[in-house]
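The values are calculated or read from the model by the stated rules, or taken from the named source; none is laboratory data. If you're wondering where the values come from, they're calculated on a predicted model, not measured in any experiment. Here the Cβ positions follow ideal geometry from the backbone for every residue, glycine too, while neighbour counts run over all protein chains shown. Note: accessible area is taken over every heavy atom of the protein model, side chains too, but ligands, DNA and RNA are not part of it. Shrake-Rupley method; radii C 1.70, N 1.55, O 1.52, S 1.80 Å.
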Amino acid sequence: MTPKSLVCLVLATCSLFTLALGSQTHRGKWKLLKRSIGISAMHMQLLPNDKIIAFDSKGSGPSNISLPRGKCVVDSKTKTDCSSHSVEFDPSRRSLRPLTITTDTWCSSGALLPDGVLIQSGGFGLGERVVRSLTPCADCDWVEQKNGLITSRWYASNQILPNGKIIVVGGLNQSNYEFIPKTSTSDQKLYQLPFLEETRYSPFVPNNLYPFLHLTPDGKIFIFANDRAILLDHVNNRVVKNYPVMPGGVSRNYPSTGSSVLLPLILSSNLNSHRPEAEVLICGGTVPDSNQKAIAGVFVPASKSCGRLVITANNPSWKMEQMPLNRLMGDMILLPTGDVLIINGAAKGSAGWNVGREPVLNPVLYRPHLPVTAKTSRFEIMSPSPIPRVYHSTAHLLSDGRVLVGGSNPNSNYNFTAVYPTELSVEAFYPPYFSPNVSRPSISKINPGTNLEHMQKFSMHFYIHQWHAELGKIHVTMVAPSFTSHSYSMNQRLLVLSLDSEARKVGFSHYVVDVHAPATATLAPPGYYQIFVVHEGVPSKGTWVHIK
């Protein structure tokens, strides 16, 4: 890439994230979608049919929604439970369909397979080695494979891989990883990862659970636990890089519970340049022994600090920033614009039952490519929710650009009279791009279709009303839907696609732009993605595409 083209790319990137929204007073709004979905949404995944799958823990006791068709489940202790612990929720119609899970999914993990099937792994008790699958169809239900995992996985993390497999890393007392589904000899092996033993605060404080995993542009796995990270070559089972310790003395993983995202990957049309710079952002958390102090009644303030690390750099170093609010148990959601929404959580204490205090009701919007000066900040405080969302709360980007928020149950069962009661509702946060003062583009057609291959060139047709006198900046972004639990959105990924040319007008308010699909499976593992047209910082509704 020439210096001139590099400058153009940087300017285009900045324009994507720093558009007129910064001058608006609109700070988002909230809308209650359903007072009760029958369960507390501890885990959440969006399917390619735009349905949300949510589930909680069987150990919480009976839920507030019955199993379908009068079904009941009898567990190993001969207890009969006729309530559902998983539901399919349609955000557009606000309709519910109860689903059947027979084993405990408490604090488990998941990912979408390339064909759109939800794979969900681990849990508690009899569920700790179970692999469950759910196909997106009108009457499909969970299918459970009792010994789908080699070892128990409670508080483990998942990441979809370029070959379509899922790597499952860690969990309580598990310093190792494995692969699912198990279709080959290599999948039957357990691979040791001493890093997870080394990053515990002490042998008695496992504060590195739900490690953060991010797939790098060259297909390796960035793994962060507690306050440090490694780069894992999972193909050859070896650690190829140790990253510097994140400064500040703050633990970022469960139960101190910060959150992490891989910032948008800016793709180039240069066929010889398939490895863009990759940078992680990790925010929030608290001191390593916060959980023990909170159990003793001492609620330590959460951290305001965030760290950015270019994980593809030869000699990376952390760049630290300060959020405007203390926060732990916050969810970090990549919006179609490339901005990061930090939502939910508490200002004191720890993750865990009854040990979090002072719910943080205001989301914060973070614009990663906004230049920082003495008078500007990348952070902007958004409008508050009326509902506290603390331990076991979740958030997920919907195809229409809203963020669905649910869950919150810091109690060992369903308790509606506690200080922070069990929350069965779901609500939607409307980011600033829903301001009534802006016009959103709308995708009309993808040519030759929504089934794409890597490196394929395709055309996006879209409409923009109230078009400016001059052609505004157009970007096309592609978002991988995530599995969200415990303040970590597994498999979350946003790519800014390369455009072959500027958008051209082909009719009244009708435009078309030529786009390049991601070049490799290490950039975009095979599967389903939401694709958006972004005009002057305002995204369209998303359209599902499938990369073979």
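Give the residue, chosen from Ile282, Ile295, Ile223, Ile266, that is surrounded by fewer than 22 Cβ atoms within 10 Å (Cβ to Cβ), of a type in the set (A, V, I, L, M, F, W, C) and either within 29 Å of Thr477 (Cβ to Cβ) or touching a Pro at 6+ places or on another chain (Cβ under 9 Å) (or both).
Going through Ile282, Ile295, Ile223, Ile266 in turn, just one is surrounded by fewer than 22 Cβ atoms within 10 Å (Cβ to Cβ), of a type in the set (A, V, I, L, M, F, W, C) and either within 29 Å of Thr477 (Cβ to Cβ) or touching a Pro at 6+ places or on another chain (Cβ under 9 Å) (or both): Ile266.
Which of (1) in contact with a strand residue (DSSP E or B) (Cβ under 8 Å, 6 or more places away or on another chain); (2) modelled with pLDDT under 95; (3) more than 30 Å from Trp142 (Cα to Cα); (4) open to solvent by 70 Å² or more (accessible area, probe 1.4 Å) is the odd one out, the single condition Val74 does not satisfy?
Every condition holds for Val74 apart from (3).
Residues being open to solvent by less than 10 Å² (accessible area, probe 1.4 Å), part of a loop (DSSP other than H, G, I, E, B) and either among the aliphatic types (A, V, I, L, M) or at pLDDT below 95 (or both): count how many of those fall in the stretch 530-548.
1
Wholly within the stretch 23-68, which strands (runs of 3 or more DSSP E) include no fewer than the required count, namely at least 2 residues that are under 21 Å from the mean Cα position of the chain (by Cα) and within 26 Å of Ser412 (Cα to Cα)?
Output list reads 43-46, 52-55.
Those residues that are assigned to a strand (DSSP E or B) and surrounded by fewer than 22 Cβ atoms within 10 Å (Cβ to Cβ), I need them from the stretch 380-423; list them, please.
Correct list: Glu380, Ile381, Val403.
Kindly indicate which of Ser57, Ser66 is under 17 Å from Trp142 (Cα atoms) and open to solvent by 40 Å² or more (accessible area, probe 1.4 Å).
Sole residue among the options that is under 17 Å from Trp142 (Cα atoms) and open to solvent by 40 Å² or more (accessible area, probe 1.4 Å): Ser66.
Take the residues in the stretch 201-218 that are closer than 21 Å to Ser317 by Cα and out of contact with any Phe, Trp or Tyr (no Cβ under 9 Å at 6 or more places or on another chain); name whichever of them is surrounded by the fewest Cβ atoms within 10 Å (Cβ to Cβ).
The extreme case among them is Asp218.
I'm trying to understand the selection: among the residues of the stretch 232-244, which are part of a strand (DSSP E or B) and buried (at least 19 other Cβ atoms within 10 Å of the Cβ)? First the steps, then the outcome.
Looking only at the stretch 232-244, we keep the residues that are part of a strand (DSSP E or B), and these are 232-233, 238-242.
Matches in the stretch 232-244: Leu232 only.
Given the residues Val143, Val117, Val130, which is the only one that is within 21 Å of Val87 (Cα to Cα), of a type in the set (A, V, I, L, M, F, W, C) and open to solvent by less than 10 Å² (accessible area, probe 1.4 Å)?
Going through Val143, Val117, Val130 in turn, just one is within 21 Å of Val87 (Cα to Cα), of a type in the set (A, V, I, L, M, F, W, C) and open to solvent by less than 10 Å² (accessible area, probe 1.4 Å): Val130.
Kindly establish whether Asn226 is under 21 Å from the mean Cα position of the chain (by Cα), at pLDDT below 95 and not aliphatic (A, V, I, L, M).
Against the criterion (under 21 Å from the mean Cα position of the chain (by Cα), at pLDDT below 95 and not aliphatic (A, V, I, L, M)), Asn226 does not qualify.
Considering only strands (runs of 3 or more DSSP E) fully contained in the stretch 134-218, which possess at least 2 residues that are more than 23 Å from Thr257 (Cβ to Cβ)?
In the stretch 134-218, 143-145, 176-180 are the strands (runs of 3 or more DSSP E) which contain 2 or more residues that are more than 23 Å from Thr257 (Cβ to Cβ).
Would you say Leu309 is of a type in the set (A, V, I, L, M), touching a residue at least 40 places away in the same chain (Cβ under 8 Å) and open to solvent by less than 20 Å² (accessible area, probe 1.4 Å)?
When the stated conditions are applied, Leu309 passes them.
Among the listed residues Ser489, Ser459, which satisfies the condition of being surrounded by fewer than 17 Cβ atoms within 10 Å (Cβ to Cβ) and not in a loop (DSSP other than H, G, I, E, B)?
Exactly one residue qualifies, and that residue is Ser459.
Of the residues that make up the stretch 466-473, is at least one under 25 Å from Glu380 (Cα atoms) and either modelled with pLDDT under 95 or surrounded by fewer than 23 Cβ atoms within 10 Å (Cβ to Cβ) (or both)?
Checked the stretch 466-473: at least one residue is under 25 Å from Glu380 (Cα atoms) and either modelled with pLDDT under 95 or surrounded by fewer than 23 Cβ atoms within 10 Å (Cβ to Cβ) (or both).
Any residue in the stretch 478-499 that's in contact (Cβ under 8 Å) with a residue 40 or more places away in the chain: show its pairings with residues that are part of a strand (DSSP E or B) and of a type in the set (Asp, Glu) at Cβ separation under 9 Å, as long as the two are six or more apart or on different chains.
Final answer for the pair search is Thr484/Asp331; Ser487/Asp331; Tyr488/Asp331; Ser489/Asp331; Leu499/Asp514.
Can you tell me which residues in the stretch 361-379 are closer than 19 Å to Met320 by Cα, in a loop (DSSP other than H, G, I, E, B) and not polar (S, T, N, Q)?
Arg367, Pro368, His369, Leu370, Pro371, Val372, Ala374, Lys375, Arg378 - these are the residues of the stretch 361-379 that are closer than 19 Å to Met320 by Cα, in a loop (DSSP other than H, G, I, E, B) and not polar (S, T, N, Q).
Which residues, taken from the stretch 499-529, are open to solvent by 10 Å² or more (accessible area, probe 1.4 Å), more than 25 Å from Gly116 (Cα to Cα), touching a Leu at 6+ places or on another chain (Cβ under 8 Å) and of a type outside the set (D, E, K, R)?
The answer is Ala503, and nothing else.
Taking the stretch 85-103, which residues are touching a Ser or Thr at 6+ places or on another chain (Cβ under 8 Å) and open to solvent by less than 20 Å² (accessible area, probe 1.4 Å)?
Within the stretch 85-103, His85, Ser86, Phe89, Leu99, Thr100, Ile101 qualify.
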